[in-house]
């Protein structure tokens with residue numbers, strides 16, 4: 001049953017990407033990131049209220065560091081979604097396990113393992129294949145930003161881990177992330193102006209936040225009922241859903257070279273996930289999963 005919930009979550013995340021792409025030609029990029037953060041903040045506030053959590057923290061600076069990095073990761077991922085085929089942008093965002101392996105090695109000063117080297121080598125080979133030389137200059141720039149989203153997501157996860165180990169409730173972590181995103185987006189809207197919303201665009205911008213939240217809720221059930229490693233591997237099905245939706249909705253066709261690059265990156269991510277020691281089986285709450293995944297959404 002947990003596999004079913006992870007597949008449902010992946011479908012919702014893919015739909016969130018579609019919503020970003022659909023609304024990109026009708027409202028500005030700043031509008032998108034503001035509504036994404038604001039809607040998510042409202043949802044997190046609801047969970048904070050029912051869980052009776054406070055907002056006071058002794059780790060304000062670390063919250064701000066995580067929030068800034070996480071928001072830039074989200075901005076980069078959305079930018080890539082707007083300017084690249086959905087499958088390509090989604091895959092570049094899923095390079096974060098590769099960067100997480102590198103960050104873990106650097107910060108913990110662990111010895112190099114064969115699996116670590118293999119994961120990094122295959123991952124970067126996949127990136128080079130996916131971003132083949134005949135890619136246009138505009139797509140190359142967008143791809144670089146998409147790759148940056150993978151790196152920033154890994155850094156965001158690293159800081160989330162610090163906050164959780166410091167005893168911070170995960171919902172509070174996500175609240176500050178969404179609050180900072182809402183404030184930054186709101187200030188940018190005041191400076192550059194906002195795009196008027198009609199019924200269609202309003203539904204689309206709401207869908208970005210709602211689909212992201214539904215994906216997180218479904219993923220909570222998956223992690224709570226099954227193996228974390230298997231669920232993490234199944235999360236790559238988001239790429240499959242994104243590829244299908246990109247083809248049927250936007251007529252996006254992937255070349256054989258792009259498909260090979262995607263497969264290599266997925267293989268690299270799976271190796272990076274499997275190489276980690278399995279954690280003890282614990283109850284995984286809604287707020288924990290939101291905290292782990294929000295930076296990539």
Residue 164 versus residue 144, label points 7 Å from Cα toward the beta carbon: distance in nm?
-> 3.3
What is the extension gain from residue 114 to residue 192, computed as 0.36 nm multiplied by their sequence separation minus the C-alpha to C-alpha distance, in nm to one decimal?
-> 23.1 nm
Cβ-based exposure ranking for 74, 41, in which fewest neighbours within 10 Å come first = 41, 74
What full-extension length gain, to one decimal in nm, is calculated for residue 250 and residue 61 as 0.36 nm per residue of separation minus the Cα-Cα distance?
-> 63.8 nm
Three principal axis lengths of segment 144-215 [C-alpha, angstrom, descending] = 44, 29, 25
Which whole number in µm²/s is D for segment 16-57 by Stokes-Einstein, with the Kirkwood Rh taken over Cα pairs at 25 °C and 0.890 mPa s?
-> 205
In terms of the Cα gyration tensor, with a ≥ b ≥ c the square roots of its eigenvalues, is segment 74-123 rounded because a/c is under 1.5, prolate because a/b exceeds b/c, or oblate?
-> oblate
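Each reported figure results from applying straightforward, stated rules to the coordinates on display, with no laboratory input. Worth saying up front: this structure is predicted, and the values here are computed from it rather than measured. A quick note on method: Cβ atoms are made from the backbone with ideal geometry, for glycine too, and the neighbour counts reach across all protein chains shown.
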